[in-house]
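As C-alpha cells, the structure follows; a few thoughts come after it.
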Amino acid sequence: MFKNFIYLVALLFCTLSSFGQNSISLKGKIIDKNTSVPLESATIYLKSAKDSTVIDYTISDRNGNFLLETKKIKTPIYFKVAFTSFADYSEKIEQLQENKDFGIIKLEENINTLSELVIKAETPPITIKNDTLEFNASSF
C-alpha cells in the first residue's frame, strides 16, 4: 500500500513538471517616456504574424508592471503594447521558447498637429473600460 502511494506521488510530480515546461512568462514595465510615470491598464498582447489573430493578452497593473503567462510558440508573432493617446510599441519575435523580461518599455505620447489630419492606427483587440472588457470583433 505504501509503495503504491509513493509511485502515485512520483507519477503526479512528473506529470505536473511536464505541464510546467510548456508554459513561459513574459514580464516588463510600461512607463511614459517623457515623465517616467507608470501606465496603468496598458494592453499587452501577442498577435500571430501570419493572420493577425490574438494569441494571448493581459494589462499592466497600477505600477505599470505586467506578467503574461502563455504557451511556447514556434511560429513568428508580434509582441504589442497599446495605451490610449500613446504610440503603440511593437516587436516581432520569431519563436517564443523561453521566459523573457522586456525590462522597461517607454511609450511616447502620440501628438497630432493641427495643420494636417491623418488618422492611421491599429485598434487593440481588447480594451478595458472600468470593469468591462471590450473586444474588437475585426481582430478575431
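Each reported figure results from applying straightforward, stated rules to the coordinates on display, with no laboratory input. The shown structure was predicted, so the numbers you read here are calculated from the model rather than taken from an experiment. A quick note on method: Cβ atoms are made from the backbone with ideal geometry, for glycine too, and the neighbour counts reach across all protein chains shown.
Extension gain, Ala137-Glu122: 0.36 nm per intervening residue step, less the Cα-Cα distance, totals 4.1 nm.
Within straight-line reach of Lys71, meaning a Cα separation under 19 Å, sit the following aspartates and glutamates at least 8 residues removed in sequence or on another chain: Asp51, Asp56, Glu91, Glu94, Glu98, Asp101. In this structure, the amide hydrogen of Ala42, modeled 1.01 Å from its nitrogen in the peptide plane, lies closer than 5 angstrom to those of Ser60, counting only residues at least 5 positions away or on a different chain. When you filter the trypsin sites (Lys or Arg not before Pro) in region 53-107 for DSSP loop state and at most 14 other Cβ atoms inside 10 Å of their Cβ, you are left with Arg62, Lys72, Lys74.
Measuring against 20 Å, Cα to Cα, the residue pairs Lys72/Lys106; Lys29/Lys120; Lys47/Lys100 contain Lys72/Lys106; Lys29/Lys120 as the ones spanning a longer distance.
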